[in-house]
1. For segment B:235-251 and segment B:148-168, write down the distance between their C-alpha centroids in whole Å.
2. I'd like to check one number: the per residue accessible area of chain A, probe 1.4 Å, reported in Å² as a whole number.
3. In sequence order, what are the phi-derived ³J(HN,Hα) couplings for segment B:17-30 according to the Karplus relation 6.51 cos²θ - 1.76 cosθ + 1.60 with θ = phi - 60°, rounded to whole Hz, with x for glycine and proline?
4. Chains A and B: buried accessible surface, both sides, probe 1.4 Å, rounded to 100 Å²?
5. At 222 nm, what helix-only mean residue ellipticity would chain B give, in deg cm²/dmol to the nearest 500, using -39500 (n - 2.57) for each DSSP H run of four or more?
6. Within the accessible area of segment B:90-152, what % is carbon and sulfur when the probe is 1.4 Å and the other protein chains stay in place?
7. Not counting ligands, DNA or RNA, and with a 1.4 Å probe, what is residue A:44's accessible surface area in Å² rounded to the nearest 10?
8. For residue B:186, enumerate residues with amide H under 5 Å from its amide H, sequence gap 5+ or separate chain, H modeled in the peptide plane.
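The values are calculated or read from the model by the stated rules, or taken from the named source; none is laboratory data. Predicted model only: the values in this text are computed from it and were never measured. Heads up, the Cβs are rebuilt from the backbone with ideal geometry, glycines too, and the neighbour counts pull from every protein chain shown. Quick note on the areas: whole protein, heavy atoms, side chains included, nothing else; ligands and nucleic acids left out. Shrake-Rupley method; radii C 1.70, N 1.55, O 1.52, S 1.80 Å.
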Amino acid sequence: MLNIQPSAPEPIYRQILEQLRRLIAAGQLAEGEPLPSVREVAVMHAVNPMTVSRAYGLAEAEGLLKRLRGKGMVVAAQSGRTRSQSERLALLEPLLLALSRQVQELELPADLVLRRLGKLLGE
Amino acid sequence: MSESNSAPLTAQGLWHTYEGRTALRGVDFKVEAGSVLGLIGRNGAGKSTLIRALLGLLVPSSGGALVLGEPALQLTDRVKERLAYVPQQPEAFPWLTATQMLAFVGRFFPRWDDAFVRATLSRWDIPTGRPLAKLSPGERQRVELIRALACRPDVLVLDEPAAALDPVARRELLREVALRAGEDGCTVLFSTHIVSDLERVASQIALLHAGQLLLHCALDDTKERYARLWLPSRHAAAAPDAPVSRRVHSDGSLTLVVGRGARGDWPAAVQLDGARLDALGLEDLFVEIAA
């Protein structure tokens, strides 16, 4: 479920947290769905369990996850609604900023990039 | 200070000179309980010397070290039972087979885990019928790692553990190290120049360069608190003071590694026209500082 890239400039706990935000915002992880245990994630990716618990702890504090006794972490109710479009768009902001910077560095015309992006999005 | 609230490994003002070469230049540091500290540095930076001085395996020119609260040069059996160390090139007991060596060594450790030894010998495909001298370097290293892990240590010290291991064996080792630290509270120190291994399991990193510690912080801080700043030559005079590292290019432009200030703010120079701030992976940071 999670994709972890240890060499990326983003710390592993942030990678996990961002992915949980996106998967839950998009409804790919539904309310009540159980998450793999800290140990399972640590073993699968050969990462430090403390890193995984840090990410889960932050997600819990944000209201994304809740701890159920005997069951571990499950996806929490997202305040009775799925997130608005603008909230979901805000999650893409860092990627969009990085993309626009690279487009400028490569001196590519915007419409060319937008056409390609449109194709990727199936338009 | 009682043992329970002091760091399991401590170095105080370590200097070491041998054969006219100064390998350690005043190293002070601590490995906190339950942390996984990755010691990185180039070949010859002094990593192995530091580890040997920390464990009392060499007498430093000055300064000292403590292991679980005891002076490293006078460790009692009580502390030795709780400590495991794997040197870079294991050479002990070449005439014994892996099974014989592990059975012999196991008698000295009250918490020896025989079931772990049997399971891991077969999982890691170790030939058990041949003397250790006839094993490949990778197999020999894996036998030593089994020995170190089987005594259920409170402090585990590995000097370049991954050097002779293939990627699959390395991943297995990292998984084991991560679980020992995260679940059993084992304190781990391991040295390596393979930075990607550290990024998976380390909670802290220390960068040793020419016998000095240049950086010692939480791994996540290396990514969140430091960044690479490039300044065009026209702004060279406005470069921030005391960067972590500094390189001048032939065109007069500068590459600096800069840290955030006390309030999390970057140096003012990042706002200059044409300046460019990039996030750094650990490998980039290592290369910038140690090159």
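1. Each part reduced to its Cα centre gives a spacing of 40 Å.
2. Details: 7820 Å² over 123 residues.
Per-residue value: 64 Å².
3. Computed from phi, the couplings for segment B:17-30 are 10, 9, 6, x, 10, 8, 8, 10, 10, x, 9, 10, 6, 9 Hz.
4. Values: alone 8750 and 14040 Å², together 20980 Å².
Separately minus together, A and B give about 1800 Å² buried.
5. Values: 9 runs with 85 residues, N = 291.
When only DSSP H runs of four or more count, the value is -8500 deg cm²/dmol.
6. Details: 1830 of 3220 Å².
Taking all protein chains in place, segment B:90-152 shows 57 percent carbon and sulfur surface.
7. 130 Å²
8. Counting only residues 5 or more places away or on other chains, the set is B:181.
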